[in-house]
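Below is one structure; the comments refer to it alone.
Each reported figure results from applying straightforward, stated rules to the coordinates on display, with no laboratory input. Quick caveat: nothing in here was measured; it's all calculated off a predicted structure. Here the Cβ is made from the backbone with ideal geometry for all residues, glycine too, and neighbour counts use every protein chain on show.
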Amino acid sequence: MDARYEPKILALICTYCTYTAADMAGSLRLQYPPNVRVVKLLCTGKVDVLHLLAAFKAGADAVMVSGCEIGDCHFLEGNLRAKERVAHAKELIAEIGLEPERLEMFHIGASDAPQWAKAVEMMTRRARELGPSPLRKSEAAAMPAEGVAA
Amino acid sequence: MIVAERKPFAEIAQAVSGYRRVLVVGCGTCVAVCLAGGEKEAGILAAQLDLAGQLAGRDQRFATACVERQCDREFLAELDAAAREHDALLSLACGAGVQFLAERHPSLPVLAGLNTTFIGVNQDVGVWDERCRACRDCLLSLTGGVCPLTMCPKGMVNGPCGGAVDGRCETDPERDCAWTVIHARLSASDRLANLEALVPPRDHSRASLPGRQTHAAYLRRYSSHG
């Protein structure tokens, strides 16, 4: 594996739970890998299969979607919809020959800052083990600015 | 509604592998409702093919378009300009739509992305059940609104075969005997006398040719169509 390889991970997270946890992780000075690029959404129910495929096309090595805990969604069932869509998208990327492990759904409550740090560590470790995405063309081409908010 | 399902990805990828610029054409009516070939599904399939092409190192471009219905010329006309810009069209319509699109672009390869499965109903989110075989000789007024051709595996039209056990079909104990359901339905609506009617043998010669029908209001205008 290329020693210089630093995984680029896109995280689509909801404002009500996981983003709050991520914010708290910052306030608590929790350390976790800087490989994750966070996009805050009102709810993970907004996440579409097309967004997930677009992230891989843009060169993401891994994508994580993280919403509220089951039963705790601010919009009642947005996180459940995201869970189903992520499961479907995993099948779609497996069909084309990309490892489905590059995509994962998490449920992290607003007060669970340590769990957010652990989730990012886990995905970063997994992305390192899997190696760079075969769809990642070059540093310049990977993850264009308009594709994700850093 | 016509129900269809997407073909296996490998089969579609193989079909488009020889073309550089492919237009994935969705259909916004039946197959959009059954989540097989609408605008969203066209977008997802194009994205998948795009990624698969990149992984295989092929120089391929996939664009998407979606028309209201591929079984109507007025909607297909919207695609004419875009079609000319592509090497192949991948239609996500039912079999009728694919054929109509191919008829309009005889010099372009028109490929099918779906398998058309049946005429059916929406049972639940993402679940469809077959209800009609398009037999051209509807018996539903007689049979209490239950189609024996569709719901009975033997297609019995003049009563049950005698193989049912406790109201279940002998071919599959999980399914109701169509004629038990018909009897219950007719009984509930006080129409059991319907069972005395004899349905004559079917004229299959009518089904051996592609059908055509002309609405009575247009017969004069299109008299040459018969």
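For this structure, a couple of remarks:
- DSSP-defined antiparallel bridges as percent of all bridges, the stretch B:2-118, nearest 5: 20
- Spatially proximal aspartates and glutamates relative to residue A:83 (Cα-Cα < 15 Å; intrachain offsets below 8 disregarded): A:48, A:69, A:72, A:91, A:101, A:104
- Amide H partners (placed H, <5 Å) of residue A:8, local residues excluded: A:61, A:62
- Cα-only Debye scattering, the stretch B:89-143: base-10 log of I(q)/I(0) at q = 0.21, 0.28, 0.29 Å⁻¹: -0.85, -1.05, -1.08
- Label point 7 Å beyond Cα of residue B:217 along Cβ direction - residues of the stretch B:54-74 with amide nitrogen under 19 Å: B:72-74
- Summary of the geometry: the stretch A:111-125 and the stretch B:108-176, compared by the centres of their Cα atoms, lie 51 Å apart.
- A protection proxy built from the mean count of other Cβ atoms within 10 Å ranks the segments B:147-158, B:130-141, most packed first, as B:147-158, B:130-141.
- Isotropically averaged projected area of the stretch B:152-225, using the convex hull of Cα atoms (one quarter of hull area), nm²: 8.3
- Each Cα pair under 8 Å and six or more residues apart adds its sequence gap; the mean of these over the residue count of the stretch A:9-130 is a relative contact order of 38 percent.
- Evaluating 6.51 cos²θ - 1.76 cosθ + 1.60 at θ = phi - 60° for every residue in the stretch A:25-42, the Karplus couplings come out as 4, x, 4, 7, 6, 6, 9, 8, x, x, 7, 8, 10, 9, 10, 8, 10, 5 Hz, glycine and proline recorded as x.
- As an equivalent ellipsoid, the stretch A:1-139 spans semi-axes of 23, 19, 11 angstrom, where each value is the square root of five times an eigenvalue of the C-alpha gyration tensor, largest first.
- At R0 = 30 Å, FRET efficiency that the Cβ-Cβ distance of residue B:117 and residue A:121 yields, to 0.05: 0.10
- Sorted by Cβ neighbour density within 10 Å, fewest at the top, the residues B:17, B:223, B:107: B:107, B:223, B:17
- Residues of the stretch B:99-131 with an amide N closer than 19 Å to a point placed 7 Å from the Cα of residue A:76 along the Cα-to-Cβ direction: B:124-126.
- At an R0 of 35 angstrom, the distance between the Cβ atoms of residue A:101 and residue B:130 translates into a FRET efficiency of 0.40.
- Other-chain or far-sequence residues with amide H under 5 Å of residue B:61's (modelled H): B:21, B:22
- In the stretch B:88-167, the chymotrypsin sites (Phe, Trp or Tyr not before Pro) that fall in loop regions by DSSP, at most 15 other Cβ within 10 Å: none
- Between B:46, B:13, B:188, the GNM of chain B built on Cα springs shorter than 10 angstrom shows B:188 fluctuating the most.
- Remark: relative contact order (the stretch B:136-197) = 34 percent; criterion is Cα-Cα distance under 8 angstrom and separation of 6 or more residues.
- Distance between the stretch B:36-80 and the stretch A:1-62 - C-alpha centres, whole angstrom: 29
- Convex hull volume of the C-alpha atoms in chain B, normalised per residue: 176 Å³.
- FRET E, pair residue A:46, residue B:21, Förster distance 22 Å, beta-carbon r, rounded to 0.05: 0.10
- Based on the Kirkwood approach, the hydrodynamic radius assigned to the protein assembly as shown is 24.6 Å, with every pair of different Cα atoms included.
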